[in-house]
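First comes the structure, then the notes that go with it.
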């Protein structure tokens, strides 16, 4: 009883936690397919893909992606090489200096990103002036500054990833290579580097992701190379659109895709290794090991295939699907609702007028109610008839003017 | 020193050794140490147009630091209350976010670290995936949820909890939720790493001795996980205090984050030395706070980043 | 075929900070020799090997290979190949790529490399295993691959750093014979590092016994076993019983020692210590367990030991008798099992005869077990 209660509460906690973690992403993804121009999941109006096409027509976003890729590539190269050099140095530095050295190379992780951005900007600006270069030299270009600024701390992440693998490296392997006649460079290239390859790949991915999403440092250094993140931040700060949700959705899908692919390969490798272990020598040397199928016993691979198919189906639908009918329907429905309300309103107003007319036949103006002048156009049946043909909808008439349509308010103002 | 250098080069080969040394020096000196010193130096200088830099007016001054405390010269108030309030609010809020994160993450980290099975991998994946997605987009997602016509308000007004939409953003709830959200992974992973290496038998033994669950955690698990906890807290605190995107997107218009002041000085008022001084203050304060807390809990620098 | 070349260590000192790892080593190793450095762990034997292979610069003195001074010559330029203690096979390369690595470095084509690797695989009786990964081989097979890889580099000197220590006993004994055969077939100099005296004795032409950075004795296995130069060599190589005492009389190479517990013992002074024992000196006498013979009381003469039997055991080929010795150490006696009847003597005092030439005396010193 007690135990099952405990288990239940654990699962409940996990559910809430992951809802907090994943919920926002799910909701954001949903808003990418909803037609209102303010990203919202509720109320659901129409399934639409227009925000994706809006996204692909946004030149600033596209330019931002290009800059992000450029800067990401530079950062990956610089921070992985520096991280590798830093990690190698850590394994052989003079013991007395080790702690200090470690503190220095780990510090950038803890230094606030804005501080890194500022210090990079200030330092290279000074170097640039000392060397007597103009404001358009390489050293003051946003590309260089951003790569350098980001690499300062991304190299620390890379170093941590690489050092973890390096600790499992047997230095005797390098010595063996040297002993067999290799130069230091050959030993590095042929023995250490292949050993480090998985860690280098992880570090590179990590570095690229960190660079791609960096804002705090980049915002001071980007100059004439605004990255995607910078562009997004500008957009988000000054008004949000479902086109951003669409971009987020694409990134979420790519991420899930990459994660599943990674899982599937790991699982695949495990299965192959197990098969090889169980195989006999004769089978191995004859190359006749029966390897398990790609999908067998590999949930991640199955999911990967499912996600791929889903993506293809969705993209296929998107090219033929047109939400126009639905949007028109919704609009029509809204129009009807608005008309109904207007009708009601008119009826009430007429009643009022009658009432008033009975009470004071001459004094009241025919258009009547106070404060309604701004809504006048909307309520005018003639104006309303003109509206449906226009693309703009006066921005979600139901919510924005909901209060104004409340009969009670009107009645109050009428009195 | 030359002997050490000689040994180093003979161990790594002259070419590779020099490349490696060059890279490490470029990183540590050229990217880490010198820029920070340069920023420090810059923060003690007056704001001059480039032609006058290095000229007779370019002298060291405490002006930029005085500004943080006393405000503009001849200002109406004795102290720069606005900026100082922002500064303290940032630190306190960052500390609160850190504690909040620790409380919600510890059970998860403990569960992931001490439970075996395939579903743990799935959970780990679900933890990581949100962090592969842009920081801005994560803040954006929260803005969709917390906005005035956002999901939360629609739901709450829909079920009749609120009469009118509640402004989460103006009241900074969105900001705190966003900051907490942004750094969950950085809190979970260090703690998880440590707890994973804790022998489950220790917990069994404590339970066997009749210890209630909270005492097991207080006396066995938490002391063991201390390096992970301090590492996670340090990172979350530093990153929250230094966050810029979340406050810009989720913060209310009236309440600023200290990094936003720095940003304004750089981008809006073009007063770099002033911004640098504020950055130095932020960096030094955070480092001192973290060191003090690490001292208090007796953990050392080597545990960070594990 | 490559001819083995000699290796000479001249006044070799190697220091790490204040710690002296190798103290004034002088060794001449003949070309084509199977030479072992034998000593307990931490005695500096691996350090010497690393100095020969070029991973360490000596603090003082010289390493000569084939008469050439190797000062400033890197490990990749020396005509040596090292077999590492953990073998250091490249884990990501296939067996044949491992073997032909030294050719890959020189830019040989894949076909050439494959051909040479297959030849060597045949030599080490691993035909057809070239496409496996090292992790897919057994311990003994990995061992042989490491040797093939080293031989592929055509070294003049092969250095082996305790290569058998990771193997189990049976395999280790098998590999001893195999290593010796390979050495005789290729004819190059082998320098072998071990702490296992059995390995050193069975394989080597010559052995250097090392203790704490110092070479105690260099010689053939038989000489070291029968005529040790120091108490350390005597006690480290093979089993030995030690009797401590004071010299009563010296005549020629014979010495009479008043032992602490076992009465007067007559012994032969070891060759290296001739003329170094005087009356009144502290001396040690070493008699191996198998050098004793049961004697009837009263017929002993002056070369006998009598002591109380504490324990007995039967080991198959020998009977072991443990008797009270001096310094709290037991005296071990091994009598060959020739099918004779053997009565228990537990608790009794027994008298054992020995041949004087098998009792080796020398000035007292440090024992291996101390």
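The values are calculated or read from the model by the stated rules, or taken from the named source; none is laboratory data. Predicted model only: the values in this text are computed from it and were never measured. All Cβ positions, even for glycine, are placed from backbone atoms using ideal geometry, and neighbour counts span all protein chains on display.
Numbers below:
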quantity	calculated
Test set (1) within 9 Å of another protein chain (Cβ to nearest Cβ); (2) buried (at least 21 other Cβ atoms within 10 Å of the Cβ); (3) in contact with a strand residue (DSSP E or B) (Cβ under 6 Å, 6 or more places away or on another chain) - residue C:54 fails condition number	(3)
Selected residue [surrounded by 16 or more Cβ atoms within 10 Å (Cβ to Cβ), more than 30 Å from residue B:122 (Cβ to Cβ) and assigned by TED's automatic domain parsing to the domain that holds residue A:76] from A:222, A:208, A:212	A:222
Selection count where residues are crowded, with 19+ Cβ neighbours inside 10 Å and either at the interface with another protein chain (Cβ under 8 Å from one of its Cβ atoms) or touching a residue at least 60 places away in the same chain (Cβ under 8 Å) (or both), scope the stretch A:161-182	13
Extreme residue, surrounded by the most Cβ atoms within 10 Å (Cβ to Cβ), among residues of the stretch C:65-84 that are touching a residue at least 24 places away in the same chain (Cβ under 8 Å) and under 21 Å from residue A:173 (Cβ atoms)	C:82
Selection from the stretch B:144-160 of residues that are part of a helix (DSSP H, G or I), out of contact with any helix residue (DSSP H, G or I) (no Cβ under 6 Å at 6 or more places or on another chain) and crowded, with 17+ Cβ neighbours inside 10 Å	B:153, B:154
Boolean, residue A:253 is surrounded by fewer than 20 Cβ atoms within 10 Å (Cβ to Cβ) and under 15 Å from the mean Cα position of the chain (by Cα)	yes
Some residue of the stretch C:142-153 being within 10 Å of another protein chain (Cβ to nearest Cβ), closer than 19 Å to residue C:4 by Cα and in a loop (DSSP other than H, G, I, E, B)	yes
Residue within the stretch B:231-240 that is under 14 Å from the mean Cα position of the chain (by Cα), surrounded by fewer than 19 Cβ atoms within 10 Å (Cβ to Cβ) and part of a helix (DSSP H, G or I) present	no
Some residue of the stretch B:209-230 being within 10 Å of chain A (Cβ to nearest Cβ) and under 30 Å from residue B:120 (Cα atoms)	yes
Flag for residue B:2 being within 16 Å of residue A:93 (Cα to Cα) and facing another protein chain (nearest Cβ under 9 Å)	no
Any strands (runs of 3 or more DSSP E) falling wholly within the stretch C:168-261 and containing at least 1 residues that are assigned by TED's automatic domain parsing to the domain that holds residue C:34	C:189-194, C:206-211, C:214-219
Test: residue in the stretch C:73-84 that is over 18 Å from residue C:156 (Cα atoms) and in the same structural domain as residue C:186 (by TED's automatic domain parsing)	no
Unmet criterion (only one of (1) part of a strand (DSSP E or B); (2) touching a residue at least 24 places away in the same chain (Cβ under 8 Å)) for residue C:28	(2)
Residue satisfying all of: in the stretch B:268-296; out of contact with any helix residue (DSSP H, G or I) (no Cβ under 8 Å at 6 or more places or on another chain) and assigned to a helix (DSSP H, G or I); farthest from the other protein chains (Cβ to nearest Cβ) among these	B:296
Residue count, the stretch A:59-88 (criterion: at the interface with another protein chain (Cβ under 7 Å from one of its Cβ atoms) and either at pLDDT below 90 or surrounded by fewer than 23 Cβ atoms within 10 Å (Cβ to Cβ) (or both))	1
Filtered residues of the stretch A:207-249 (kept if part of a helix (DSSP H, G or I) and under 13 Å from residue B:248 (Cβ atoms))	A:219, A:229, A:230, A:232, A:233, A:234, A:235, A:236, A:237
Any chance residue A:11 is exposed (fewer than 15 other Cβ atoms within 10 Å of the Cβ) and assigned to a loop (DSSP other than H, G, I, E, B)	no
Residue within the stretch A:185-206 that is in contact (Cβ under 8 Å) with a residue 40 or more places away in the chain, within 13 Å of chain B (Cβ to nearest Cβ) and not in a helix (DSSP H, G or I) present	no
Verdict on residue C:61 being surrounded by fewer than 18 Cβ atoms within 10 Å (Cβ to Cβ), part of a loop (DSSP other than H, G, I, E, B) and more than 13 Å from chain A (Cβ to nearest Cβ)	no
Within the stretch A:220-245, considering residues that are over 21 Å from residue A:113 (Cα atoms) and either modelled with pLDDT of 85 or more or within 7 Å of chain B (Cβ to nearest Cβ) (or both), the one nearest to the chain's Cα centre (by Cα)	A:244
Qualifying residue in the stretch C:263-284 (condition: in a helix (DSSP H, G or I), assigned by TED's automatic domain parsing to the domain that holds residue C:352 and either on the phi > 0 side of the Ramachandran plot or in contact with a helix residue (DSSP H, G or I) (Cβ under 6 Å, 6 or more places away or on another chain) (or both))	no
Qualifying positions in the stretch C:82-123 - farther than 22 Å from residue C:137 by Cα and at the interface with another protein chain (Cβ under 8 Å from one of its Cβ atoms)	C:104, C:105, C:106
Complete set of residues in the stretch C:305-337 that are closer than 15 Å to residue C:261 by Cβ, without any contact (Cβ under 8 Å) to a residue 24 or more places away in the chain and not in a strand (DSSP E or B)	C:328
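Residue-by-condition table, conditions (1) modelled with pLDDT under 90; (2) more than 12 Å from chain A (Cβ to nearest Cβ); (3) on the phi < 0 side of the Ramachandran plot:
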site: B:23; (1), (2), (3): no, no, yes
site: B:54; (1), (2), (3): yes, no, no
site: B:60; (1), (2), (3): yes, yes, yes
site: B:67; (1), (2), (3): yes, yes, yes
site: B:72; (1), (2), (3): yes, yes, yes
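Yes or no, residue by residue, for (1) under 25 Å from residue A:52 (Cβ atoms); (2) at pLDDT below 70; (3) surrounded by fewer than 12 Cβ atoms within 10 Å (Cβ to Cβ):
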residue	(1), (2), (3)
A:311	yes, no, no
A:315	yes, no, yes
A:329	yes, no, no
A:338	no, no, no
A:356	no, no, no
A:359	no, no, yes
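The rows are residues; the columns are (1) more than 8 Å from every other protein chain (Cβ to nearest Cβ); (2) assigned to a helix (DSSP H, G or I); (3) surrounded by 23 or more Cβ atoms within 10 Å (Cβ to Cβ).
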{"position": "A:101", "(1), (2), (3)": "no, yes, no"}
{"position": "A:106", "(1), (2), (3)": "no, yes, no"}
{"position": "A:109", "(1), (2), (3)": "no, yes, no"}
{"position": "A:117", "(1), (2), (3)": "yes, yes, yes"}
{"position": "A:127", "(1), (2), (3)": "yes, yes, no"}
{"position": "A:139", "(1), (2), (3)": "yes, yes, no"}
